[in-house]
Amino acid sequence: MNGPAGNDAPAILVEDLRKSYGERAAVRGLDLAVASGRICGLIGPDGAGKTTTMRIICGLLRPDAGAVHVLGRDSAREPRAVRERLGYMPQRFSLYPDLTVAENLRFFADLFGVPAAERVTREAELMEFSRLGPFRRRRAGQLSGGMKQKLALSCTLIHTPEVLVLDEPTTGVDPVSRREFWRILRELAGRGLALLVSTPYMDEAGLCDDVVLMHEGRSIARGTPDEVAAAFPRRLLEVRGAGLPEALARLAASPRPGVKVHRYGDRLHVVHDDAAQADDVARLLAGAGVELHPVAPGIEDTFVELMAAPAGGEATP
């Protein structure tokens with residue numbers, strides 16, 4: 001029996017998903033929905049439950065409890081029907097290094113049963129789309145990391161899926177290639193595909209239409225990137241300047257109750273609750289060679305704050 005479907009139904013619908021390995025709970029009551037034409041990001045560190053969630057969605061693992069529907073099909077009961085309309089790119093996509101770019105595409109066309117009459121057209125479209133055309137005769141093992149990921153994505157798209165599930169596709173890829181890869185993902189969403197993308201990179205969360213912050217198998221916040229950032233429950237001071245090491249040393253030597261300090265590269269974020277605490281920090285850092293400014297929180301601030309909160313609730317807009 002098919003699940004929710006229709007023009008307004010999410011392309012991916014996950015309800016109260018649960019999965020354990022022995023006594024270790026990998027996913028604990030997760031809910032999420034991904035609409036066609038949108039990119040949803042699963043954001044979290046290793047061990048958060050992202051890969052397990054994706055494998056269940058793709059029908060590669062059976063959940064212990066909960067429901068997962070892809071385009072109206074139950075992933076646990078109808079895995080073959082789901083995989084016919086879904087493209088899955090795992091963390092380690094198995095390209096064949098001794099085959100050329102074109103030969104890899106043809107191999108995956110065979111694997112997915114793409115009709116012979118359609119293969120030439122699809123291969124040409126993907127070569128142009130991924131900008132791999134000039135490298136069609138290059139062996140996959142000789143490609144750069146970013147080009148390998150684009151080839152892996154092209155192989156995932158060879159059977160024209162309506163839903164894409166990509167597990168940390170830019171991990172280990174250089175920044176320029178990461179930007180190019182996300183340009184391609186945005187174009188795919190513009191064509192109406194539903195994309196679920198996991199990443200440990202907080203800066204990539206802002207490139208998604210919707211995000212779900214995962215920690216220890218749970219969703220701790222979800223919504224648009226702006227909505228998740230707005231879920232930050234406290235206030236922030238940003239500390240910058242040449243005296244940052246001195247400022248950090250003073251804050252470490254004289255901790256203030258209720259005040260937390262996090263370092264982000266060349267700046268500090270000081271988490272506080274009110275003007276009195278902010279004034280106290282300003283006095284402590286006077287003469288340290290830094291400037292203090294109130295700033296709006298980002299997704300990373302929200303994640304760090306909620307990750308330290310007691311387990312249970314989820315921050316939603």
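VAL14 falls short on exactly one of the conditions (1) at pLDDT 95 or above; (2) over 19 Å from the mean Cα position of the chain (by Cα), and that condition is (2). Of the numbered criteria (1) at pLDDT below 95; (2) in contact with a strand residue (DSSP E or B) (Cβ under 6 Å, 6 or more places away or on another chain); (3) outside the structural domain of LEU126 (by TED's automatic domain parsing), the one PRO255 fails is (2). Would you mind stating whether GLY37 is out of contact with any Lys or Arg (no Cβ under 7 Å at 6 or more places or on another chain) and either part of a loop (DSSP other than H, G, I, E, B) or modelled with pLDDT of 95 or more (or both)? Yes; evaluated as a whole, the condition is true for this residue.
The test for being charged (D, E, K, R) and either modelled with pLDDT of 95 or more or farther than 27 Å from PHE107 by Cβ (or both) does not hold for ARG178.
With respect to VAL14, is the statement that it is part of a strand (DSSP E or B), touching a Ser or Thr at 6+ places or on another chain (Cβ under 6 Å) and within 26 Å of ALA221 (Cβ to Cβ) true? Considered against the rule, which asks whether it is part of a strand (DSSP E or B), touching a Ser or Thr at 6+ places or on another chain (Cβ under 6 Å) and within 26 Å of ALA221 (Cβ to Cβ), VAL14 comes out as no. Only one of the numbered conditions (1) surrounded by 15 or more Cβ atoms within 10 Å (Cβ to Cβ); (2) in contact with an Asp or Glu (Cβ under 7 Å, 6 or more places away or on another chain); (3) over 26 Å from MET214 (Cβ atoms) is violated by VAL271, and that is (3).
Per this entry, GLY113 is counted among residues that are small (Gly, Ala, Ser) and part of a loop (DSSP other than H, G, I, E, B). Not in a strand (DSSP E or B) and not assigned by TED's automatic domain parsing to the domain that holds LEU30: does that describe ALA242? It is true that ALA242 is not in a strand (DSSP E or B) and not assigned by TED's automatic domain parsing to the domain that holds LEU30. For the stretch 96-129, a residue qualifies if it is closer than 24 Å to GLU168 by Cα and at pLDDT below 90, and exactly one does: PHE129. When PRO90, PRO97, PRO45 are checked against the criterion of being surrounded by fewer than 17 Cβ atoms within 10 Å (Cβ to Cβ) and under 17 Å from the mean Cα position of the chain (by Cα), PRO45 stands alone in meeting it.
Number of residues in the stretch 261-314 that are in a strand (DSSP E or B) and either on the phi > 0 side of the Ramachandran plot or without any contact (Cβ under 8 Å) to a residue 40 or more places away in the chain (or both) equals 9.
Does any residue of the stretch 32-47 turn out to be without any contact (Cβ under 8 Å) to a residue 24 or more places away in the chain and either more than 12 Å from GLY217 (Cβ to Cβ) or aliphatic (A, V, I, L, M) (or both)?
Yes, the conditions are met somewhere in the stretch 32-47.
Residue pairs whose Cβ atoms lie under 7 Å apart, separated by 6 or more positions or on different chains, with the first residue in the stretch 53-78 and farther than 13 Å from ALA33 by Cα and the second surrounded by fewer than 18 Cβ atoms within 10 Å (Cβ to Cβ) and charged (D, E, K, R), are PRO63/ARG18; ASP64/ARG18; ALA65/ASP16; ALA65/ARG18; GLY66/GLU15; GLY66/ASP16; GLY66/ARG18; ALA76/ARG62. Scanning the stretch 67-87 for residues that are surrounded by fewer than 18 Cβ atoms within 10 Å (Cβ to Cβ) and assigned to a strand (DSSP E or B) yields ALA67, ASP74.
The values are calculated or read from the model by the stated rules, or taken from the named source; none is laboratory data. What you see is a predicted model, and the numbers here were worked out from it, not measured in a lab. Virtual Cβ from ideal backbone geometry, glycine too; neighbours counted across all protein chains shown.
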